[in-house]
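Worksheet for the structure shown next.
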Amino acid sequence: MPKRALTSTHPNESEDADCPAGLYAGFRAVALAAPHAPAMIGHDGATSSYATLLEAVDAAAEHLTARLGDGEVLGLAADDPFTFVSVYLAAAKLGIVTVLLDSALSAGELERSAVKYDLAWLAVDRQSEPVPGAFELRPTGDAARQQRQEAGTGYADDDFVVHCTSGSTGEPKGIVMSQAAITARVRFWGAELELSSADVVLCALPLAHCHGIDVLTLPTLLTGATVVFARGRHLTARGLARTIEQHGVTLMSGLPVMYQMLTGARGVPAASLSTLRTVISGSAPLAVSTQRQFLERYGIPLRQVYGLSEIGVICFDKAYAGGGSIGRPIAGVEFRLEPVPTGPGNETLYELYVRGPALARGYYRDPGATAEMFEDGWLRTRDFVQVEPDGWFVRGRQSNFINVAGNKVGPLEVEAALRECPGVREGSVVGIPDPETTERIAALIVTDQDFELGAVRRHLGERLLSYQLPQRYEITSALPRTPLGKIDYAAVKRLMHTDKGKSQ
């Protein structure tokens with residue numbers, strides 16, 4: 001393949017497609033067409049109809065109108081899904097800028113977020129006499145108020161939602177998006193999934209994250225389907241299978257750790273997943289072995305999706321190439337492939353650039369980070385992809401490369417090889433300072449009873465180049481994770497610097 005920039009050829013489809021005028025209008029049309037259809041099943045198993053949810057959305061809009069002043073920004077930190085969705089769609093109806101926050105944040109963390117994002121109010125679950133959809137509006141503290149008085153806010157007229165990154169690989173940032181961008185990503189992804197009102201979609205991810213709200217919940221509700229909520233952090237394999245079977249789930253999308261549980265668990269019959277038509281893994285790299293084992297055990301292809309919160313879903317392995325493929329870009333995403341130096345296997349790699357109507361405008365009050373990622377209307381993913389006829393493969397990320405004596409090592413490739421080693425359940429790879437070679441590769445691994453370090457070293461030696469091999473191994477009972485469930489690389493680095501744990 002020639003080393004030149006490649007661009008997409010499929011149409012954007014954003015100009016003439018039939019698009020509802022905003023998220024609230026789209027949801028209201030669905031709710032009025034089928035008011036008694038089940039919209040949501042909450043953590044407690046209670047079912048809410050579309051009519052009930054629409055009533056709660058309109059009531060939330062009245063509450064917000066009565067309390068919020070002109071231009072005031074809302075922080076949404078509700079745990080109950082019915083409450084979260086009600087307030088979210090109410091804010092969409094009113095055009096209120098809303099920052100999505102993890103409901104597990106402490107009071108101090110919420111106040112720091114209030115200062116960072118110029119929040120005037122926080123919407124949280126009502127503690128006294130809790131009722132589905134009921135919420136409390138709490139004014140933010142003096143520091144946030146003083147910040148707004150002195151500097152105002154940095155939001156544009158068409159800004160709507162801010163997604164807060166986890167900070168697992170760096171400083172947390174606020175991704176600012178318009179309602180038109182959210183509507184576009186929801187519409188394109190819903191069409192890609194071929195969702196219908198007969199579908200039942202499982203959401204076991206936080207709604208404050210793009211995967212939970214944009215990839216799962218909103219496409220479901222704007223199609224007239226049913227979304228079932230579960231607390232992913234507390235699910236066991238049996239609990240997950242029981243939820244799927246009980247509610248007749250037809251589509252689920254989650255992190256690889258969910259599928260690792262299902263493939264490794266005993267006592268979960270394949271029949272319990274028989275209602276599923278589409279199973280998707282995203283938000284973190286999926287081990288090829290997990291993908292293969294899931295298909296062998298349950299008879300259902302486990303497809304991988306790839307995207308960034310800055311633009312939503314980018315690629316989807318819809319045709320199921322498997323083998324770790326992320327598929328190809330979905331409709332509505334334009335791409336550009338810029339060639340980069342040849343990888344270790346002499347394959348041609350490309351840095352992926354994307355753009356489209358679902359793209360965010362940048363990071364809140366962070367022009368430096370915005371300039372690094374947003375370039376002339378394109379989003380620099382910083383990811384390197386290998387392009388094959390049946391699908392693409394992510395081979396590394398520019399910002400995460402480890403410099404080993406001048407050799408650039410992609411942690412994703414080393415982690416993928418680690419996951420295939422006997423006795424290794426999962427692993428995380430980071431670079432740690434080394435005065436002689438710039439950096440050393442350190443691996444934090446979760447093992448099982450079959451683990452033997454010599455066998456792991458031999459396995460990696462057959463699959464990686466010498467400078468790609470970890471020089472340090474530490475064993476842990478569980479990898480540190482963000483609230484979403486992604487590996488927290490910043491925490492891994494801190495752990496490896498402390499020299500704690502069982503080092504080998």
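Quick check on the exposure proxy: order Y50, Y320 from fewest to most C-beta atoms within 10 angstrom. Before the final figure, lay out each step's value.
Working: Y50 23, Y320 16.
Lowest to highest Cβ neighbour count: Y320, Y50.
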Task: Two-site label geometry, S197 and A51: point separation in nm, points 7 Å out along Cα→Cβ - done: 1.4
TODO: Let me know the charge dipole size of the chain about its Cα centre in debye, to the nearest 20, where only the beta-carbon of Lys, Arg (+1) and Asp, Glu (-1) is charged.
DONE: 1240
Open item on the list: Can you compute the charge dipole magnitude of region 63-162 about its Cα centre, using +1 on each Lys and Arg Cβ and -1 on each Asp and Glu Cβ, nothing else charged? Give it in debye, rounded to the nearest 20.
Closed with: 120
- [ ] Take T250, T236 and order them by how many other Cβ atoms sit within 10 Å, fewest up front.
- [x] T236, T250
Task: Loop-located trypsin sites (Lys or Arg not before Pro) in region 196-299 whose Cβ has at most 16 other Cβ within 10 Å (DSSP) - done: R231, R266, R277
TODO: Write down, largest first, the equivalent ellipsoid semi-axes of the chain in whole Å, where each equals the square root of 5 times an eigenvalue of the alpha-carbon gyration tensor.
DONE: 37, 26, 24
Task: Debye log10 I(q)/I(0) for region 176-282, one point scatterer per Cα, at q = 0.24 Å⁻¹ - done: -1.37
Task: Within the chain, percent of DSSP bridges classed antiparallel, to nearest 5 - done: 70
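Report, in debye and to the nearest 20, how large the dipole of region 168-305 comes out about its Cα centre when Lys and Arg carry +1 and Asp and Glu carry -1 on their Cβ.
Details: 12 positive and 7 negative charges, 67 e Å.
With Lys and Arg at +1 and Asp and Glu at -1, about 320 debye.
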TODO: Sort S274, S178, S477, S428 so the one with the fewest other Cβ atoms within 10 Å of its own Cβ comes first.
DONE: S477, S274, S178, S428
Task: Centre separation in Å (Cα based) which lies between region 37-101 and region 454-478 - done: 48
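All of the numbers you see were taken from the coordinates with simple rules; none came from a lab. Note that the coordinates shown come from a computational prediction; the quantities given were computed from them, not determined experimentally. Because the Cβ atoms are built from the backbone with ideal geometry, glycine has one as well, and the counts that use them run over all protein chains shown.
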